[in-house]
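First up is the structure itself, then whatever we jot down about it.
The values are calculated or read from the model by the stated rules, or taken from the named source; none is laboratory data. Small disclaimer: the values here were computed from a predicted structure and weren't measured. Using ideal geometry, Cβ is built from the backbone for each residue, glycine included, and neighbour counts are taken over all protein chains shown. For the accessible areas, the whole protein counts, side chains as well, though only heavy atoms, and no ligand, DNA or RNA atoms are used. Shrake-Rupley method; radii C 1.70, N 1.55, O 1.52, S 1.80 Å.
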Amino acid sequence: MFQVKNKFLRQLFGSFMDLLPIFAVIFIFQLFILRQPIPNIADIAIGTAFVVVGLALFIQGLEKSLFPIGEAMAYAFAKKGSLFWLLAFAFALGFGTTAAEPALIAVADEAARIAANGGMIEQSDTAKDDYAFGLRFTVAFSVGFAILLGVLRIIRGWPLHYLIIPGYVGVVIMTFFAPASIIGIAYDSGGVTTSTITVPLVTALGVGLASAIKGRNPMTDGFGLIAFASLTPMIFVMAYGMIL
């Protein structure tokens, strides 16, 4: 019990030190550049404490739950030897974690609101919900496809750059043909998919799978799935914009 408490306190201190540069920048600019007092200092202090504790608990949760279960399931599927179920699991994991990603939900809702205000879709709740739903699940499908492709790469031993370079060349080419209104959303979609829910499970999947397959190195083969998760949404969302 004492060891657990001591470890959590160290994690709490580490979270505080990680966040300290952010708070220092804010306070320095507020006091010395803007030359204004810090508003609601008590609320800020309480909020800061919540953020530090929340970050420490989140990291503990990753270490105790998400990383172990992701690695264990990848290892079990690899040992089972069923390529179909392994790829199905990879797709479902990428799709499910992305569909539940809070950052993606927020971006999709905001994009729908701006599209309605700009006259690109009807100014109605139904139209905005449909636009946000389509955008959100287009991104989720693209990440599911990306994780499936990344797992296949680990199994076959393909070099990462053989897939990444053509992918980004495709992004650049599509940028010239996609509607201007969708390009920024497409590029942002590649970023919001790599957030709090997706990254831990996908990383654990790649490392666990590379550890279970003979001849694969977890360091060189296990990482790289997140790169696919960032790349494919840009392609799929621009295609979604061109189709619409």
Near-label residues of region 81-110 by backbone N, under 11 Å of a point 7 Å along Cα→Cβ of F58: 102-103
Identify, among N6, Q60, M73, the residue whose Cα sits farthest towards the positive end of the charge dipole of region 1-114, taking +1 on the Cβ of Lys and Arg and -1 on the Cβ of Asp and Glu, with the dipole about the Cα centre. N6
Kindly report the accessible area of the chain per residue (heavy atoms of protein chains, probe 1.4 Å, no ligands, DNA or RNA), in Å². 56 Å²
How much length is gained on full extension from F84 to R35, taking 0.36 nm per residue of separation minus their Cα-Cα distance? 11.5 nm
Sticking to Cα atoms, compute the Rg of region 75-135 to one decimal and its Dmax as the biggest Cα-Cα distance, whole number, in Å. 17.5, 53
Can you give the direction-averaged projected area of the convex hull of the alpha-carbon atoms in region 8-59, in nm²? 3.6 nm²
Subtracting the Cα-Cα distance of M219 and Y187 from 0.36 nm times their residue separation yields 8.7 nm
Bins of 5 Å, beginning at zero and ending with the bin holding the largest distance: percent of Cα pairs per bin for the chain, please. 1, 6, 11, 13, 13, 13, 13, 13, 9, 5, 2, 1, 0
Report the full-extension gain for the segment R10 to F177: residue separation times 0.36 nm, less the Cα-Cα distance, to one decimal in nm. 55.0 nm
For region 112-244, average projected area of the Cα convex hull in nm²: 8.3 nm²
Projecting each Cα onto the charge dipole of the chain (Lys/Arg +1, Asp/Glu -1 at the beta carbon, about the Cα centre), which of W158, V172, N117 comes out farthest on the positive side? W158
Of the heavy-atom accessible surface of the chain (probe 1.4 angstrom), what whole percent is carbon and sulfur? 71 percent
Orientation-averaged projected area, Cα convex hull of region 1-89 (nm²): 9.5 nm²
Compute a Gaussian network model of the chain, connecting alpha carbons closer than 10 Å, and tell me which residue from F29, F67, F50 fluctuates the most. F29
Determine which lysines satisfy two conditions relative to K7: a Cα distance under 24 Å, and not lying fewer than 8 residues away in the same chain. K64
